[in-house]
């Protein structure tokens, strides 16, 4: 073999040996020359090409994934007095305590025993509360309506209903409600809905109708 031929063979061998070898890390020609999870960018291996190559809460900066300051995935990532809103820790909002509106009182019916217009202890307690409600709301005027259960004649029940309304009117007057701000009326058995003793007890009453 001539000297020229030997030199040419040596150059070919050198090209085959070195021309086909991988670049030395972190240099690269493609992703295969980098470690697992890395990318070849502009001839160098790096962690990321962009933010989407990083985990949640990280961003790609200079080819490396770095934590995003203040990023959160849940309230657990924030301080005790903070909450996670749109992946940011912000001061926890304090729930506003609803302002309770005082419930307006209502005047309640008064109930009577069978064939009676007498006011028992329960009736007097109810009338005491009604008088206080009347005054606290400054009600202009009420009509006290007497009712009866369906037993007895229509005429008798009309008279009994009237006596019940008058008994209530007299008691609330003693409790401080002026007589000229009350009126009485009897419905007798007209509005009765009961069919037995327990339901008839609801028919024997005096209602307060505000005017």
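What order, most packed first, do the peptides 30-36, 158-164 have when packing is the mean number of other Cβ atoms within 10 Å of each residue?
Numbers: 30-36: 12.0, 158-164: 21.0.
Descending packing order for the listed peptides: 158-164, 30-36.
With runs of 4+ DSSP H residues as the only contributors, calculate the mean residue ellipticity of the chain at 222 nm using -39,500 (n - 2.57) per run, divided by the residue total and rounded to the nearest 500.
Estimated from H runs of four or more residues: -9500 deg cm²/dmol.
If I model a spin label at residue 135 and residue 196 as a point 7 Å from the Cα along the Cα→Cβ vector, what separation in nanometres do I get?
4.3 nm
Hey, how much of the P(r) for the range 137-194 falls beyond 13 Å, as a percent of Cα pairs?
Within the range 137-194, distances greater than 13 Å cover 58 percent of Cα pairs.
Please state the equivalent ellipsoid semi-axes for the range 23-91: what are the square roots of 5 times the Cα gyration tensor eigenvalues, largest first, in whole Å?
They are 35, 8, 8 Å, listed from largest to smallest.
How high is the relative contact order of the range 23-91, in percent, counting Cα pairs under 8 Å that sit 6 or more residues apart?
16 percent
Wrap a convex hull around the Cα atoms of the range 110-210, take a quarter of its surface area, and give that in square nanometres.
That works out to 5.9 nm², a quarter of the Cα hull's surface.
Give the angle, between 0 and 90 degrees and rounded to the nearest 10, that separates the Cα long axis of helix 121-136 from the longest principal axis of the Cα atoms of the chain.
With rounding to tens, the tilt is 70 degrees.
Hey, what angle do you get for helix 3-19 against the long axis of the chain, alpha-carbon based, 0 to 90 degrees rounded to 10?
Once rounded, the angle reads 10 degrees.
Against the globular-protein guess of 2.2 N^0.38 Å, express the Cα radius of gyration of the range 90-135 as a ratio, rounded to two decimals.
2.18
Compute the Kirkwood hydrodynamic radius of the range 58-177, taking the inverse of the mean of 1/r over all pairs of distinct Cα atoms, and give it in Å to one decimal.
Here the Kirkwood hydrodynamic radius works out to 20.3 Å.
Any read-out appearing in this document is the output of simple, stated calculations on the displayed coordinates, not a laboratory observation. Being a predicted model, the structure only gives us computed values, none of them experimental. Backbone-built Cβ (ideal geometry, glycine too); neighbour counts: all protein chains shown.
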